[in-house]
Amino acid sequence: MIKDLVIAIAKETGNNDFHPQSCLINLYGKGEKLGMHRDNTEENLSAPIISISLGDTGIFVLGGKLRTDKTRQYIVQSGDVIVMGGESRNFFHAFKGTVPNTSNLLKNGGRLNLTIRQVN
Ligand SMILES: O=C(O)CCC(=O)C(=O)O
């Protein structure tokens with residue numbers, strides 16, 4: 001189901017040749033975050049990365065090609081999807097943390113983030 005969903009999302013955003021091969025699942029509890037990084041361990045660095053937020057609202061931070069580039073913050077709510085494609089595929093990004101108790105989707109609270117990737 002997730003595979004079909006992300007293929008459809010990829011098509012909607014102009015990525016007609018997306019072959020999802022992996023799904024990384026991060027669980028963020030209260031106060032938990034992910035530092036600034038680039039996703040560059042995949043062999044294929046041009047296929048988009050599709051990120052699905054579930055559960056508590058959170059703050060996603062998107063920078064640029066360099067770690068020192070200016071950043072913007074985006075509020076991500078349960079069900080929101082971010083497509084990092086084209087130039088933004090290789091942009092630095094981070095997750096700044098959740099706003100606790102903003103969703104009752106997950107029994108124990110928190111936020112799940114699925115990042116679906118094409119590896120090669
Ligand atoms: O949780 C997020 O929104 C970001 C996840 C992420 O950047 C990653 O898994 O590489």
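At-a-glance table
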quantity: All positions within the stretch 29-44 that are among the acidic types (Asp, Glu) and either at pLDDT 95 or above or surrounded by 13 or more Cβ atoms within 10 Å (Cβ to Cβ) (or both); calculated: GLU32, ASP39, GLU42
quantity: Restricting the stretch 87-106 to residues that are charged (D, E, K, R) and without any contact (Cβ under 8 Å) to a residue 60 or more places away in the chain, the residue that is farthest from ARG38 (Cα to Cα); calculated: GLU87
quantity: Leading residue by the ranking (nearest to the ligand (Cβ to nearest atom)) among those in the stretch 43-81 that are closer than 25 Å to LYS30 by Cβ and among the acidic types (Asp, Glu); calculated: ASP80
quantity: Any hit, the stretch 14-28, residues being in contact with an Asp or Glu (Cβ under 7 Å, 6 or more places away or on another chain) and surrounded by 15 or more Cβ atoms within 10 Å (Cβ to Cβ); calculated: no
quantity: Boolean, ASN44 is of a type outside the set (Asp, Glu) and on the phi > 0 side of the Ramachandran plot; calculated: no
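The values are calculated or read from the model by the stated rules, or taken from the named source; none is laboratory data. Worth saying up front: this structure is predicted, and the values here are computed from it rather than measured. For neighbour counting, all protein chains shown are included, and Cβ atoms are generated from backbone atoms with ideal geometry for every residue, glycine included.
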